[in-house]
Amino acid sequence: GDGDSASSGSGNSGDDKIVLGFSQVGAESGWRTANTKSIQDSAKEAGIELKFSDAQQKQENQIKAIRSFIQQKVDVIAFSPVVESGWDTVLKEAKDAGIPVILTDRAVDSPDTSLYKSFIGSDFVVEGERAGDWLVKEYAGKTEPVNIVELQGTTGSAPANDRKKGFADKIAAAPNLKIIASQTGDFTRAKGKEVMEAFLKAHSDIDVLYAHNDDMGLGAIEAIEGAGKKPGVDIKIITVDAVKDGMQALADGKINFIVECSPLLGPQLMELVKKVKAGEAVEARILTNETTFTQEQAKAALPTRQY
Ligand code: GZL
């Protein structure tokens with residue numbers, strides 16, 4: 001700005017450097033830390049000044065951070081909403097202040113799509129479908145009951161809602177595949193271990209674990225081994241993310257299948273920020289490309305894995 005506090009000019013640094021305010025969910029998983037690194041590295045690379053806040057997985061902290069970015073008159077606001085609902089008020093405040101917003105990673109359920117310029121992230125329903133599809137194929141031709149336990153992501157988050165839906169839709173094709181218990185592990189190793197311990201106490205006949213991210217799967221592996229069972233053999237495990245620790249467990253045979261969810265959104269986000277700042281039209285929905293990994297594919301991919 002020109003130093004005149006009343007100036008409506010956005011951005012508060014002397015030169016025309018773009019100022020981006022980013023509100024991150026937290027640091028709950030390996031995926032999240034890789035995502036943060038991608039955003040911080042790409043901002044530096046793009047010459048964009050990054051104001052970064054970690055909300056420790058609390059929505060009220062994200063709302064506070066967004067309000068602070070509005071006060072500071074940043075050029076663009078981007079955030080990964082920890083849960084889907086409760087954003088309309090603060091996003092209207094950003095819109096009224098003339099500050100464009102970009103959603104990354106997770107979606108919001110607001111019907112008013114004018115509240116953000118673009119949403120870049122994975123299709124979590126597809127991720128759930130890929131997990132379910134693999135399980136249906138794994139048990140093709142079998143008729144005996146297959147008991148599944150599910151560790152859900154953060155309650156109310158888009159990845160938890162959608163990964164649950166996609167998986168359930170696919171396994172409906174095989175009536176012998178049954179989810180006998182489903183509970184949130186909040187995307188963390190600690191909670192994943194704790195809930196899996198409870199599942200193991202309540203059920204002696206668990207055949208499969210579907211965990212909405214690697215970190216909860218890794219916590220569950222500790223619980224399964226603590227119960228004297230072999231993860232990947234006595235209890236088959238499917239997870240989502242494909243971060244390094246998950247891929248290592250897959251290569252070691254403790255996980256059976258991983259659906260990738262790429263955290264490397266930084267470069268595309270910075271391109272979007274520049275376009276939005278320049279007032280150019282941008283795609284409303286940008287999908288990250290990602291794949292799936294078997295144990296063999298993990299062994300091949302590990303040496304060159306970026307995260
Ligand atoms: C998915 C992301 C999820 C990851 C978890 O895009 O929101 O949050 O799957 C992370 O590991 O905690």
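The values are calculated or read from the model by the stated rules, or taken from the named source; none is laboratory data. In this text the structure is predicted, and so the values were computed from the model without any measurement. Because the Cβ atoms are built from the backbone with ideal geometry, glycine has one as well, and the counts that use them run over all protein chains shown. With ligands, DNA and RNA removed, areas are computed over all heavy atoms of the protein, side chains included. Shrake-Rupley method; radii C 1.70, N 1.55, O 1.52, S 1.80 Å.
Below are the figures for this structure:
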quantity: Output for segment 17-50, where each listed residue is more than 12 Å from the chain's Cα centre (by Cα) and of a type in the set (K, R); calculated: K17, K37, K44
quantity: One residue from Q71, Q57 being in contact (Cβ under 8 Å) with a residue 60 or more places away in the chain and open to solvent by 20 Å² or more (accessible area, probe 1.4 Å); calculated: Q57
quantity: Segment 295-305 - residue that is touching a helix residue (DSSP H, G or I) at 6+ places or on another chain (Cβ under 8 Å) and either among the small types (G, A, S) or part of a loop (DSSP other than H, G, I, E, B) (or both) and, of those, most open to solvent (accessible area, probe 1.4 Å); calculated: R305
quantity: Qualifying residue in segment 77-100 (condition: open to solvent by less than 50 Å² (accessible area, probe 1.4 Å), of a type in the set (F, W, Y) and at negative phi); calculated: yes
quantity: Residue selected from segment 208-228 under the condition among the aliphatic types (A, V, I, L, M) and more than 16 Å from the ligand (Cβ to nearest atom), by the criterion most open to solvent (accessible area, probe 1.4 Å); calculated: A227
quantity: Members of segment 20-38 found to be crowded, with 21+ Cβ neighbours inside 10 Å and more than 13 Å from the ligand (Cβ to nearest atom), listed by number; calculated: L20, G21, F22, S23
quantity: Top-ranked residue in segment 161-180 [being among the aliphatic types (A, V, I, L, M) and touching a residue at least 40 places away in the same chain (Cβ under 8 Å); ranked as surrounded by the fewest Cβ atoms within 10 Å (Cβ to Cβ)]; calculated: A168
quantity: Helices (runs of 4 or more DSSP H) contained entirely in segment 65-179, each with at least 2 residues that are within 16 Å of the ligand (Cβ to nearest atom) and more than 19 Å from I206 (Cα to Cα); calculated: 124-138, 158-171
quantity: Inter-residue pairs, beta-carbon under 7 Å, first of a type in the set (K, R) and in segment 95-112, second assigned to a loop (DSSP other than H, G, I, E, B) and buried (at least 16 other Cβ atoms within 10 Å of the Cβ), 6+ apart; calculated: R106/S80; R106/P81; R106/S157
quantity: Selection within segment 181-202 - open to solvent by 20 Å² or more (accessible area, probe 1.4 Å), touching a strand residue (DSSP E or B) at 6+ places or on another chain (Cβ under 9 Å) and β-branched (V, I, T); calculated: T184
quantity: Residue satisfying all of: in segment 139-157; among the polar types (S, T, N, Q) and open to solvent by 10 Å² or more (accessible area, probe 1.4 Å); nearest to K236 (Cα to Cα) among these; calculated: N147
quantity: Condition broken by D205, with the remaining ones in (1) assigned to a loop (DSSP other than H, G, I, E, B); (2) open to solvent by less than 50 Å² (accessible area, probe 1.4 Å) satisfied; calculated: (2)
quantity: Which listed residue is within 14 Å of V259 (Cβ to Cβ) and out of contact with any Gly (no Cβ under 6 Å at 6 or more places or on another chain), from K164, K229, K178, K170; calculated: K164
quantity: Condition check for V101: under 26 Å from G166 (Cβ atoms) and of a type outside the set (S, T, Y); calculated: no
quantity: Residue count, segment 250-271 (criterion: open to solvent by less than 10 Å² (accessible area, probe 1.4 Å), out of contact with any Phe, Trp or Tyr (no Cβ under 9 Å at 6 or more places or on another chain) and part of a helix (DSSP H, G or I)); calculated: 2
